1. Test of the criteria: in region 11-103, which GluC sites (Glu not before Pro) are in a DSSP loop and have at most 15 other Cβ atoms within 10 angstrom of their Cβ?
2. When we measure straight from the Cα of K120, which aspartates and glutamates land under 15 angstrom away, once same-chain ones fewer than 8 places off are left out?
3. So what's the net charge close to S74: Lys and Arg +1, Asp and Glu -1, counting the other residues with Cβ under 14 Å from its Cβ?
4. Just for the chain, what percent of DSSP beta bridges are antiparallel, to the closest 5?
5. So which lysines pass the test for K61, namely a Cα distance under 20 Å, with those fewer than 8 places away in the same chain ruled out?
6. In deg cm²/dmol, rounded to 500, what helix-only [θ] at 222 nm does the chain give when every DSSP H run of at least 4 residues adds -39500 (n - 2.57) and the total is split over its residues?
7. Counting only other residues whose beta carbon sits under 13 Å from that of D100, what net charge do I get with K and R as +1, D and E as -1?
8. Restricting to DSSP loop positions (anything but H, G, I, E, B) with no more than 15 other Cβ atoms inside 10 Å of their own Cβ, which trypsin sites (Lys or Arg not before Pro) remain in region 1-94?
Amino acid sequence: MPYITEPYFELLGAARRRGVRVTIVTSEHINRLGMKQSIMEACKRNDLTLRLLPDGMTHVKAMLVDGRTLILGSANFDFLSATLQPEVLAVVTEPRLVADFRRRAQDPAFAASWIWPNEKTPAVAGPFSAGMMELAGQILQALHTEE
């Protein structure tokens, strides 16, 4: 996926603390530096594996859960898509379609990507970017909250 923020990192971090292996695959060259640093910081903080695709920008927006449930559509897994922008998501449990996704999208992405070592996450830039993303989310939510 190209962009991922809260509330997803909180949920994925909770799954990781329960012992679930969580891997995020995104572009090495994300077109928003703050987003890339925020993703790196969240993966480090939550002990998630981050894999980076070296070529171009991916726009695949999909999440495979337990190898059986595929969630995909037009939505980024970020605060904006989760709360303010109307998006389309499908939940697919048909085994043949899930297997096709793995064969055509997940397996090639894993083969082409490399694992980002969490210890290389910038000590200041990562947390700063993560904080800025969180603040932006809070501002957007406050602007769109009905009283």
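1. E87
2. Excluding near neighbours in sequence, the set is E28, E41, D47.
3. Value of the local net charge: -1.
4. 65
5. K36
6. Estimated from H runs of four or more residues: -12500 deg cm²/dmol.
7. Neighbourhood net charge equals +2.
8. R18, R21, R32, R68
Rule-based calculations on the coordinates, nothing more; no lab input. In this text, all values refer to a predicted model and were calculated from it rather than measured experimentally. FYI the Cβ positions are ideal-geometry reconstructions off the backbone, even for glycines, and counts take in every protein chain you see.
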